[in-house]
Amino acid sequence: MFNRRWFLTLLSSSPFLANFRPLFGRLNNRDYFAELGVRPIINAAGTSTALSGSLMRPEAIHAWEYATRKFVNLDQLHDAVGSRIASLVGSEAALVSAGAASALTLGTAACITGSNEEFIKRIPDTSGMRDEVIIQKSHRFSYDHAVRNCGVRMVEVETVDELVAAAGSRTAMMLFLNLADEKGQIQVAEFAGLGKRLGIPTFIDCAADVTPADNLNKFIRMGFDLVTFSGGKAMRGPQSTGLLLGRQDLIAAARLNGLPHANTIGRGMKVNKEEMLAMLVAVETYLQLDHEKDWKEWERQVETIAKRVGKISGVQAERFVPPIANRSPQLHIGWDRSRVGIHRDQVIEQLRDGDPAIEARPWEKAELEILVWTLQPGEAKIVGRRIAEILKAAV
Ligand SMILES: *Cc1c(COP(=O)(O)O)cnc(C)c1O
């Protein structure tokens, strides 16, 4: 009975579907950004929140779209997604947060409150609770506001002796910024070990530290109790997601400090079924990728831009790979101001105001930094051409 002809007859006769067909036809033709007068950007500046992060992988978009069509019990989905991600990356437990910054808040809250309901309701008023976070002075960073949100005092130390002396009955957590590893006197593995020795939970911020994919597991193996990564950077999940990985009891306490529980510090950091499912699929996909192939493609893009720009006399284009954070082939472009008479900031401005609009980052005092992993096919050529045009005009 339910054959193809029957189906086609239904399609053509159903007033319900007939109403929708022209709607979807119209929707496909809508250019929302153009309607709003918002110009899309060629992003040569990397996965910056201000530039809307990364573009979701097609697999993640598919999962997102799937999730829009059905209601589920959010806690049940959170459990299932968390345990699937945990087993994929090799962690005791995991949760999808509203970005790494949100994971910093939820993880800190977990270390302060545990599963104590009264404490959970009361923070950021931390009276009577462990309310100190130990951090190396050189690891203070703008995102530690997400930790301070919980009502803790940051206790700065520089040496191992200072750290051991600072640890006590008020210490809730020890915080490490992976990006700052080389700046501090206590290195990453030693820091994790000190936490174990002192019986204090350790938390490491690795927000921008995949690639390599192995990092998803590395710091757990090293002994950190909590680890966070951004979901919307190299993994290309939804921009409004992050991962909090680590110890079962702490992840459970982090969950208690967030949605769907209304009276919590994390309630405003909403993560719905779409974000959870799309992030899971982004992690799955990311782990299956041919990372070498991606790397080679980034190298080709760097070379395309370097060749074009490096031909101009007085201009140097140098490939480099940062050791930690946004680890990928990048390009530093500098020039001799006596031969190319334009300030770096003017180049950035002209790139931004041009057509198409291009975003690049300042580097050190005078140079330009180009990140290629957010470029779409064909865009490296355009970026190279535009930078060359601007610099040549200043020769
Ligand atoms: C990007 C970043 C964050 C914030 O991550 P979101 O996922 O945007 O919340 C935190 N810490 C560091 C080191 C970062 O690079």
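The values are calculated or read from the model by the stated rules, or taken from the named source; none is laboratory data. This structure is a prediction, so every number in the text was calculated from the model and none was measured. Don't worry about glycine lacking a Cβ; one is built from the backbone with ideal geometry, like all the others, and counts go over all protein chains shown. Each accessible area value is taken on the protein alone, full model and side chains, heavy atoms only, with ligands, DNA and RNA left out. Shrake-Rupley method; radii C 1.70, N 1.55, O 1.52, S 1.80 Å.
Things worth noting here:
- Failed criterion for Thr264 (all others in (1) farther than 25 Å from Leu198 by Cβ; (2) open to solvent by 30 Å² or more (accessible area, probe 1.4 Å); (3) more than 16 Å from the ligand (Cβ to nearest atom) hold): (2)
Yes or no, residue by residue, for (1) of a type outside the set (D, E, K, R); (2) away from the ligand (no atom under 15 Å from the Cβ):
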{"site": "Thr241", "(1), (2)": "yes, no"}
{"site": "Leu245", "(1), (2)": "yes, no"}
{"site": "Asp249", "(1), (2)": "no, yes"}
{"site": "Pro260", "(1), (2)": "yes, yes"}
{"site": "Ala282", "(1), (2)": "yes, no"}
{"site": "Gln288", "(1), (2)": "yes, yes"}
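- Single match in Ala80, Ala101 (criterion: over 15 Å from Gly231 (Cβ atoms) and assigned by TED's automatic domain parsing to the domain that holds Val147): Ala80
- Set side by side, the residues Met235, Met269 differ, and just one is touching a residue at least 12 places away in the same chain (Cβ under 8 Å), within 12 Å of the ligand (Cβ to nearest atom) and more than 24 Å from Ile324 (Cβ to Cβ), which is Met269.
- The requirement of being open to solvent by less than 10 Å² (accessible area, probe 1.4 Å), more than 29 Å from Arg327 (Cα to Cα) and within 16 Å of the ligand (Cβ to nearest atom) is fulfilled somewhere in the stretch 146-155, by at least one residue.
- Consider the stretch 331-366 and keep the residues that are in contact (Cβ under 8 Å) with a residue 60 or more places away in the chain and in a strand (DSSP E or B). The one that is nearest to Asp181 (Cα to Cα) is Arg361.
- When the stretch 221-230 is filtered for residues that are crowded, with 24+ Cβ neighbours inside 10 Å and either more than 10 Å from the ligand (Cβ to nearest atom) or within 17 Å of Arg255 (Cβ to Cβ) (or both), the ones remaining, listed by number, are Phe224, Asp225, Leu226, Val227, Thr228.
- Leu77 being open to solvent by less than 80 Å² (accessible area, probe 1.4 Å) and either within 16 Å of the ligand (Cβ to nearest atom) or at pLDDT below 95 (or both): no
- Within the stretch 295-308, the presence of at least one residue that is under 29 Å from Phe176 (Cα atoms) and modelled with pLDDT of 95 or more is confirmed.
- Just so you know, in the stretch 82-118 the residues that are within 11 Å of the ligand (Cβ to nearest atom) and open to solvent by 20 Å² or more (accessible area, probe 1.4 Å) include one that is farthest from Arg153 (Cα to Cα), and it is Ala98.
- Residue that is farthest from the chain's Cα centre (by Cα) [pool: residues in the stretch 194-220 that are open to solvent by 10 Å² or more (accessible area, probe 1.4 Å) and among the small types (Gly, Ala, Ser)]: Gly199
- Count of the stretch 267-306 residues, restricted to those that are in a loop (DSSP other than H, G, I, E, B), open to solvent by 20 Å² or more (accessible area, probe 1.4 Å) and of a type in the set (A, V, I, L, M, F, W, C), is 2.
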